[in-house]
Amino acid sequence: MQTIIERLDKFEGNVGFYYKNLQTQEIISYHEDMAFQAASVIKIPVMIELFRRFEEGSLKKEDLVPINPEDKLPPCGALTFLHNGIQVTLLDICTLMIVYSDNTATNILIRLLGIDQINQTLKELNCEVTRLNRFLFDEESSAKGIQNYISPIEISHLLELMYQRVLISPAASDEMLSILKNQQINSKLPFFITDSTKIAHKTGEDDGITHDVGIVFTKKPYIIAFCSEHVLVPKFERFIQDVNYEFALENGLQGD
């Protein structure tokens, strides 16, 4: 049987992979330090900065934000379809940003939190590649080559800090993981997982780009991250589905 690395080697385009068993500490990685255009995975750092502000008290989960016509972006998400001026709590905006990958919610939070501060928090968390450089759907910046970036190992690092309950605080780590477990875009990592195994994850998609990164709570929990650019998306997504199911079986599905 081909190893995961041999299978990754056969893909055209740029692909990256990181796996860490959180019990045995086994690591398997491939181009794990490579910078990939982030797509919607950049929403994880936005969530982290928001929870940091909740923790310091400068923002409150119940603070209300109006959704104005100029805020609305094309879907994914729900806020675009709600009436103008509706007020939504910051916690609800964050939840929509993650579980439905709501783009309107994301730009509202980026504007509130500030790109520089989000990146400063990433630096303090020892992320060197992962950066927020522009708003979503900023076509002018994108045309200039300004993109948001992640790497498989750095996003995995952030997820591991959550798992260890040391990202911001135990309570904040638990709540962020709970939001990620409620992810509703489940066509990749969870595709073949039909038992009670929980997966806390975030996807990202764009032209030629497909990512999924998360923690799979099998009997032996593990972190797994797939990133790709310039790939045949359906082919790589089938690869994500198959490989994660193999790892889930190996680590003990909760229903077994």
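Here are some notes:
- With all protein chains modelled, accessible area of Leu91 [1.4 Å, Å²]: 40
- Largest to smallest in accessible area, the residues Leu82, Leu136, Leu109 fall in the order Leu82, Leu136, Leu109 (1.4 Å probe, all protein chains included).
- Potential extension, Leu82-Asn68 segment - 0.36 nm per residue separation minus Cα distance: 4.1 nm
- Cα gyration tensor category, rounded, prolate or oblate, for segment 35-106 with a/c compared to 1.5: oblate
- Cα centroid separation - segment 51-110 against segment 181-243, whole Å: 24
- Rg and Dmax over the alpha-carbon atoms of the chain stand at 17.6, 57 Å.
- Residues whose amide H comes within less than 5 Å of that of Gln254, counting only those at least five positions distant or on another chain, are Ser196, Thr197, Lys219 (H built at 1.01 Å from N in the peptide plane).
- Cα gyration tensor shape for segment 7-66, rounded if a/c is under 1.5, else prolate or oblate: oblate
- Förster-model FRET efficiency, 30 Å R0, Glu26 and Gln120, C-beta, rounded to 0.05: 0.35
- Theoretical FRET efficiency, 1/(1+(r/R0)^6), r = Cβ-Cβ of Glu246 and Ser142, R0 22 Å, to 0.05: 0.05
- The 3J(HN,Hα) values that the Karplus relation (6.51, -1.76, 1.60; θ = phi - 60°) gives for segment 91-104 are, in residue order, 5, 5, 4, 4, 4, 5, 4, 8, 6, 10, 6, 5, 6, 4 Hz. Gly and Pro appear as x.
- Ranked by solvent-accessible area (1.4 Å probe, protein heavy atoms only, all chains present), the residues Glu6, Glu140 order from largest to smallest as Glu140, Glu6.
- Counting only DSSP H runs of at least 4 residues, each contributing -39500 (n - 2.57), and dividing by the residue count of the chain, the helix-based mean residue ellipticity at 222 nm comes to -11500 deg cm²/dmol.
- Per residue, the Cα convex hull of segment 108-256 amounts to 122 Å³.
- Distance in nm between pseudo-label sites at Glu6 and Glu56 (7 Å out along the Cβ direction from Cα): 5.1
- Solvent exposure, largest accessible area first (probe 1.4 Å, DNA, RNA and ligands not counted), of Lys20, Lys43: Lys20, Lys43
The values are calculated or read from the model by the stated rules, or taken from the named source; none is laboratory data. Because the structure is a prediction, the values reported are computed rather than measured. Every residue, glycine among them, receives a Cβ derived from its backbone with ideal geometry; neighbour counts consider all protein chains shown. These area figures cover heavy atoms from the full protein model, side chains too; ligands, DNA and RNA do not enter into them. Shrake-Rupley method; radii C 1.70, N 1.55, O 1.52, S 1.80 Å.
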